[in-house]
Structure formats: C-alpha cells, structure tokens
C-alpha cells in the first residue's frame with residue numbers, strides 16, 4: 001500500500017514538472033504556439049503596431065531639438081543640438097524668427113522622417129496577408145501628420161483590399177499618439193513672440209496659468225536662452241533656443257556683429 | 001554748364017563708390033550657418049545657391065536687413081490652415097511655405113481677431129482659426145468680429161448646462177452626465193442640473209466613496225457607480241441626499257474661499273491651483289483622505305530651511321556676501337516654487353541682467369531687470385544720475401581733487417593717462433581753474449547701482465577703460481619752516497591730508513570696485529586679487545610693481561617715462577620734474593612734495 005502511494009506521488013510530481021516545461025516552452029520558444037483559429041490582426045492594428053514606435057521615437061527626438069530631426073542652425077546644450085527658433089547675431093537688437101510656422105514645420109519633419117518606414121510597413125502588411133492566403137490589392141496614398149490638442153494624429157491615405165472568402169476594403173489608416181506637443185508648440189510660439197518684441201520672456205507667467213506645465217530657462221554666456229517646456233502629466237518636453245536683445249559684457253560696441261561661427265557652443269550641419 | 005554737370009556727376013559717382021565700399025554690413029538672406037536674415041561683415045558668409053522655396057538664388061545686399069524687401073520685419077506670415085498670423089520676414093515665411101503679406105497683422109483683414117465661441121468655451125482668435133478649432137471638436141461655432149477685447153470675449157463663454165442624460169436599454173436605465181444638445185442627439189431623456197444618482201431619476205447609478213482627478217480641473221471629484229463625475233469631494237456631504245441629487249458648482253462646495261486651497265485637507269477636495277493646491281495622490285499615511293485616494297496636494301516648497309508658497313520666486317547669488325556684494329565671477333540666480341518643485345534660472349557673470357526681489361502682500365516675487373550702467377560716469381549731478389527711467393546708477397557724494405602738484409594749478413587738459421574714451425570716463429569733468437589757479441572741487445560721482453562684471457573674453461583695453469574711470473590721484477602739500485640761511489624743521493602736511501588716511505584709500509577702493517570687476521578685491525569663490533592697492537610710498541614708482549600712471553606700462557624699463565628703477569615718477573620724466581622744480585622756485589613757493 002505504501003509503495004502504491006509512493007508511486008502515485010511520483011507520478012503527480014512528474015506530471016507537474018511536465019506541465020511546467022510545456023508552459024515554459026509556450027512562453028519562451030516562439031513559433032510553437034498552435035493555431036486555435038483566432039482572428040489575425042486587422043490591417044489597422046497591424047499598421048499601428050508597425051509605425052507607432054517609429055512615430056514616437058521621431059517625436060521624442062525632435063522635441064528635444066527645437067522641432068527638427070536634424071537641426072541646421074543650433075546650439076549645443078547638454079549634448080543635444082537645440083535649434084534656434086529666433087536669433088540675432090547682433091547686440092541690442094531683437095531676434096529674427098527663424099521658424100514662423102513652427103507647428104507646420106514640426107508636422108513636416110515627422111512626416112519626412114517616417115515616410116520610408118510607412119512604405120515598409122504597408123509592404124509588410126501586404127506580404128503578411130498574402131502569406132495567409134489573402135488576395136491583396138493596395139493603392140499607396142499620402143501621409144499626413146497633424147498636431148492636435150492633446151494628441152498627434154498621423155493618417156495614411158492608403159487603400160487596401162483583402163480578398164479571401166469575402167472582400168474587405170480598408171481606407172485611411174491612422175495612428176494616434178497621446179501627446180500634447182500641440183500645446184507645447186503653442187506655448188513656444190507665445191514665448192517667441194515675447195523674445196521678438198522685448199528680447200525676453202518670463203517663463204514663470206506660463207506656470208502661473210497652466211497647472212500641468214513646467215517651464216525652465218537657462219541663459220548661456222553669449223546671451224542665448226534655452227527654454228525647456230515640460231508637460232507634467234506625460235513628461236513630454238519641447239526644448240528650443242533663442243537669442244534676442246543681448247547686452248554685451250563691459251562697455252561693448254553697438255556695431256558689434258557676432259559671426260554665428262564665433263558663438264560658443266553654436267554649431268552648424 | 002555742361003562741364004559743371006559733368007564734374008558734379010563724376011564726383012557723385014566716386015562718392016557713391018566710396019560709400020558703397022565703406023558700408024559696414026551685408027544682409028544675407030541665409031547664412032551658411034543656417035540662420036536667416038542676418039547682417040554680417042563678410043559677404044562670403046552668405047549662401048549663394050538656389051533657394052528651394054523660391055527657385056531663385058539666395059539674396060544678399062550691402063545694406064542692413066531692415067532696408068531689404070526680403071528680410072525687413074514688419075510683415076506677416078499667414079498659415080491659412082490654422083488661421084495664425086505671425087510677424088515675420090518674407091524670406092523665413094516663404095521658406096516655411098507660408099503666405100507672406102508685407103503689412104502688419106492688424107492691417108490684414110483675415111488676421112483680425114474676434115471672439116470664437118465653441119460650445120461653452122470662448123477664445124480670442126482669427127476666424128480661420130475658429131473654423132479650424134470647431135472642425136477639430138466636430139461642432140459649429142459663432143465668430144463675433146465685433147468683440148475686440150480678449151477679456152470681453154472670455155466673459156462671453158457660457159458653460160452649457162449639463163445634467164443627467166437617461167437612456168432605457170437592456171441594461172436598464174443607464175445614465176451619463178451630458179449637455180442638453182449632446183443628450184438630445186442621443187434621443188435620451190435630459191434632466192438639467194441633476195446628478196445620475198438622483199433618486200427620482202431611478203437610474204442604476206449609485207453613490208460611491210471613490211474619488212478622482214480631472215484634467216484641466218484642480219478639484220477632487222466623487223465618482224458614481226456608473227463612472228460619472230459627481231460633485232466635488234466633501235466627506236461631510238456624503239450622506240446628504242441633496243449633494244447626490246443636484247450638480248453643485250465649485251463655489252457651492254466645501255471651503256471655496258480657503259486661502260490655502262484646502263491643501264492637505266482630508267475631508268474637502270475643493271482645491272485651487274492659484275492658492276497652492278491641486279488634485280493628486282497624498283504622500284504619507286497621515287494625509288490619506290476620509291474617502292477615496294485623492295487629496296488637494298500642497299504645492300508649496302521648502303528651500304534652505306525656509307517655506308515658500310506656490311508661485312513665489314526669490315533671488316540668490318553664488319557669493320557669500322549676497323546680492324549686495326557683486327564680486328568678480330558672481331552671478332545672480334532666480335529660484336521659483338511651482339507645483340512643490342524649486343526651479344532655477346540665471347543671468348551670467350557679466351551681470352547685465354540683475355535679479356530684483358519684491359514682496360507684495362507677504363508673497364515674494366523676483367524678476368530680471370537689465371542693468372543700464374554704461375553712461376553712469378557721464379552724469380555730473382545726482383538728479384540725472386539717479387533717473388531710474390534712464391539708467392541704473394547711484395550718486396556718491398565725494399570730493400575728488402586733481403591738482404598738479406608742481407604748479408599748484410588744476411589740470412586744464414587731459415592728463416597723459418586718459419584714453420580716447422575721453423573725459424567722460426573720469427570722475428566728473430576736469431575742474432575749471434579759477435583766477436587764483438586753484439581747482440574747483442567736484443561734488444560727487446555717479447557709479448553703477450549694480451556692479452557689472454566683465455566677460456573674460458573682453459580685450460584688456462575695454463576692461464581697463466572702465467576701471468580707469470575710478471583711478472584717483474591725490475596731491476598733498478607738505479611744508480616746513482624756512483629759517484634764514486638754513487632749512488629747518490620737518491615736513492608737515494598742510495593740504496589734502498585726508499588722502500594719507502586709510503579711510504580715503506578704502507573709499508577710493510570701494511568706488512573702484514563699484515565700477516565693475518576692478519580694483520583689488522576678492523572674487524566670488526574667495527580668492528584675493530594680486531598687487532598692492534595703493535602705493536604707500538615705500539619705494540620709487542619705477543620699481544614698485546604698480547602701473548602708477550595707468551598707461552599700461554609698469555615700472556622701468558617698460559614705462560618709457562622711467563629713466564631707471566630709482567626714478568620716482570611714472571608720470572613725469574626727469575626733465576619735466578626738473579622744469580617744474582625750477583618753476584616752483586621761481587614762484588617762491590614753499591617746498592612741495594607728492
């Protein structure tokens with residue numbers, strides 16, 4: 001009797017170990033999961049999964065660089081190239097707005113950066129469905145990026161028709177990010193208006209009004225102001241530079257023109 | 001006549017060539033560095049390739065950018081999609097594919113601002129922007145062009161009345177809080193001003209102890225069992241049927257007038273960001289609310305052992321002496337308390353901007369102010385000196401006397417040490433000479449209110465020019481009694497003897513330091529400067545290590561006035577001293593000695 005109980009115990013232990021090994025195999029070894037007949041991803045979710053990270057990465061990069069993926073005229077700040085959105089090379093003079101249509105510029109930068117990936121993802125979509133036995137017809141379309149309050153919407157004017165047992169048509173794909181870059185860019189525009197008009201902006205005024213906004217400013221030795229705007233809820237940032245109505249140290253010289261190349265930290269591409 | 005015209009024409013031609021060659025700046029539409037619309041000295045800095053936005057070559061011209069059509073400010077860049085109008089130059093606007101109008105925004109009809117009313121909100125924008133916003137929200141708009149003031153516009157914002165929107169379906173009587181219009185679009189039953197938990201509505205929503213925060217609102221709110229936002233959290237009203245029947249505004253809720261915005265209150269969620277609180281998760285066990293898990297968090301800060309309210313800002317400096325003692329290398333900083341965080345922003349070591357701190361009704365506020373000090377030395381009277389509308393200077397009542405020791409006459413022309421910066425950069429004007437040849441005392445001097453700093457990249461000459469203004473010379477008169485046929489007695493000081501005192505030397509040093517990073521002082525990290533402050537008469541001027549006459553040359557052999565190391569004046573050569581001595585003896589003066 002005792003022997004039989006011991007055998008049962010051993011069998012139970014072995015069974016538990018086997019189940020555990022199978023579970024581990026399912027979790028960690030790809031490609032062995034059986035097809036239980038669940039539905040494959042829809043084209044919308046496929047595109048969203050394919051492009052979401054690329055769009056997020058692009059937004060993260062340009063947000064720290066004054067709205068450009070590869071800034072042309074910038075100052076180095078904390079090892080980042082921060083673009084001048086308003087600049088003068090002279091003393092006592094207000095700055096010249098370098099990006100008067102900042103929101104449009106940011107949208108365009110994101111669009112250009114993701115275009116290649118968009119094409120690749122739609123091709124991958126086509127291949128994916130063809131492998132599953134679908135007949136796929138795809139018409140490329142225009143990619144548009146739009147900064148909206150509290151979200152960033154990227155739309156793709158592609159048209160995809162899937163045929164198997166039935167025919168389904170998918171148009172106008174989009175990826176929506178929860179990101180208030182629109183709000184940060186609007187605040188940046190307001191700050192730049194002050195920079196152009198009076199040579200400075202008091203960043204605290206914006207924190208007086210907006211509870212979810214953090215504004216910081218750092219002044220470099222050449223008079224360049226680096227503004228950092230942070231959404232407290234999402235921690236998204238927008239950083240940009242401005243140089244306006246700078247007083248030279250000492251007596252200075254009214255006619256002193258400063259070549260951008262001579263500016264400490266300034267760089268060009 | 002024709003000859004005259006020809007001569008004049010040729011003269012004007014050459015004049016034009018001369019002027020063109022002497023223009024100081026060139027306006028580049030775009031610099032090779034990437035900057036748009038900059039004045040530069042060297043035209044080679046300008047981009048010369050084709051502008052992809054216009055298809056034409058990038059422009060440059062030998063004049064200021066303000067005089068060009070492509071870079072003059074005063075125009076407007078219009079984004080027709082979003083309806084924004086931004087002051088801009090033509091070059092930058094077209095580079096960004098905007099529509100450029102050379103007129104200012106207030107002269108362009110499509111840039112006129114009006115009141116855009118969308119739903120229960122109002123914003124002061126252009127009509128195009130209004131249409132853009134309403135398309136985003138998917139609703140119509142009303143644009144009031146007659147409203148020309150932002151505050152007047154905001155006053156027109158009328159929150160749409162909200163209430164319980166009840167629908168009958170398989171789940172029973174479900175309810176959400178909606179506006180009347182939204183509810184009617186659903187074809188549901190709307191009860192204005194009612195909560196979904198109102199008993200008479202007989203919905204399946206009930207009160208709960210759960211609380212939540214809402215974006216764009218400061219307060220803590222109850223939630224009902226259907227997930228609707230209920231009234232502001234007030235634990236004393238939880239069992240009040242009225243509180244769960246009707247929608248209450250914030251001023252009808254608990255402690256709406258609390259000066260601290262109910263920060264830290266465990267029973268009331270009527271937070272106020274302006275007063276220093278907002279909805280958030282409490283920190284610490286003793287801060288847990290009676291209901292739910294949200295509280296009015298305190299947004300104040302603690303810094304250096306001092307408590308600061310949310311919104312307060314104050315000035316600090318990196319020197320031990322504080323803001324009243326600006327030493328070489330010291331900088332001003334402004335600290336600000338917002339959302340329980342202290343942030344910092346700065347000026348620079350040149351102190352061209354200074355931090356000014358004021359207290360208003362117990363709240364400290366700091367701001368940056370440009371320090372206008374460059375023309376302080378030009379001011380000869382207290383009224384002009386302390387004109388706060390024009391400059392940041394202060395008047396010091398001091399007597400500065402310049403007397404030529406050998407002739408007894410005041411200087412009637414700039415002394416050798418003065419530079420092209422002119423008389424203005426000395427304390428006061430040279431005193432006029434009266435009939436007796438005596439100098440006239442100055443009444444005081446005008447110095448910067450906030451000691452400016454000098455960037456290390458400045459050429460030494462510039463620093464020297466400013467510091468030199470504080471240079472002071474004082475000639476004392478010594479006498480001894482002349483006995484017939486014999487010299488007897490010791491020299492005794494009879495004039496300007498205060499210059500021999502430590503007090504005078506200290507005052508002169510303070511004035512020197514007040515002009516900027518001048519003089520012999522200590523820098524912001526406590527390191528002392530080099531050299532003796534004043535020649536104590538311990539040795540000849542030509543070997544004392546001091547540039548006594550301020551001409552940039554120190555001692556023999558650098559200073560050409562010095563014949564050798566024993567020569568006692570860097571100002572006068574031996575011949576000049578000999579000549580002055582002869583003049584003195586001719587005039588029969590008593591012996592004088594500097």
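Key figures
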quantity	calculated
Compactness of the range A:103-251 as Cα Rg over 2.2 N^0.38 Å, two decimals	1.51
Sequence of A:101, A:196 once ranked by neighbouring C-beta atoms within 10 Å, starting from the fewest	A:196, A:101
With Cα atoms, 0 to 90° folded angle of helix A:102-131 axis to chain A main axis	20 degrees
The range B:141-199 - Kirkwood radius from inverse mean 1/r over Cα pairs (Å)	13.4 Å
Ranking of B:564, A:222 by count of other Cβ atoms within 10 Å, fewest first	B:564, A:222
Acute angle (nearest 10 degrees) that the helix A:43-63 long axis makes with the longest principal axis of chain A, alpha-carbon atoms	30 degrees
Kirkwood hydrodynamic radius of the range B:338-402, Cα pairs, Å	14.7 Å
Nearest 10 degrees, 0 to 90: helix A:2-28 Cα axis against chain A principal axis	40 degrees
Paramagnetic reach from residue B:206 in the range B:228-253 [backbone N under 11 Å; point 7 Å along Cα→Cβ]	none
For the range B:50-95: rounded, prolate or oblate by the Cα gyration tensor [a/c cutoff 1.5]	oblate
Evaluated over the range B:249-375, the Cα radius of gyration and Dmax, each in Å	18.8, 65
Cα-based Rg / Dmax (Å) for the range B:232-282	11.0, 31
Rounded Å value of the spacing that divides the Cα centres of the range B:122-200 and the range A:110-162	35 Å
Distance from the range B:40-113 to the range B:350-371 (C-alpha centre basis), Å	37 Å
Taking N as its residue count, the alpha carbon Rg of the range A:54-161 over 2.2 N^0.38 Å	1.44
Proxy reagent accessibility, fewest Cβ within 10 Å first, across B:70, A:206, B:303	B:303, A:206, B:70
Per residue, the convex hull volume that the Cα atoms of the range B:263-321 enclose (Å³)	93 Å³
Rounded FRET efficiency, nearest 0.05, which uses the C-beta distance separating residue A:49 from residue A:24 and R0 of 30 Å	0.70
For the range B:70-162, radius of gyration divided by Kirkwood radius, i.e. Rg to Rh on alpha-carbons	1.06
Theoretical FRET efficiency, 1/(1+(r/R0)^6), r = Cβ-Cβ of residue B:256 and residue B:145, R0 35 Å, to 0.05	0.45
Order by protection proxy (mean Cβ within 10 Å, highest first), peptides A:46-59, B:31-44, B:99-112	B:31-44, A:46-59, B:99-112
R0 of 25 Å, Cβ-Cβ distance residue A:193-residue A:155: FRET efficiency to nearest 0.05	0.25
Other protein chain Cβ atoms within 10 Å, averaged over every residue that makes up A:97-110	6
Cα gyration tensor shape of the range B:169-229, rounded if a/c is under 1.5, else prolate or oblate by comparing a/b with b/c	oblate
Shielding by partners, peptide A:221-230 (average Cβ within 10 angstrom, other chains)	2
Segment residue B:575-residue B:302, length gained on full extension (0.36 nm per residue, minus Cα span)	91.3 nm
√(5λ) per eigenvalue of the Cα gyration tensor, chain A, largest first, Å	54, 27, 16
Top of A:70, A:202, A:174 by mean-square fluctuation, Gaussian network on chain A, Cα under 10 Å	A:202
Shielding by partners - mean other protein chain Cβ count within 10 Å, residues of A:210-220	5
For chain A, built as a Gaussian network whose Cα springs stay under 10 Å, the top-fluctuating residue of A:152, A:192, A:205	A:205
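Only the coordinates and a few stated rules stand behind these numbers; no lab work does. Keep in mind that what you see is a predicted model, and the values were worked out from it rather than measured. So basically every Cβ, Gly included, is an ideal-geometry build from the backbone, and we count neighbours across all protein chains shown.
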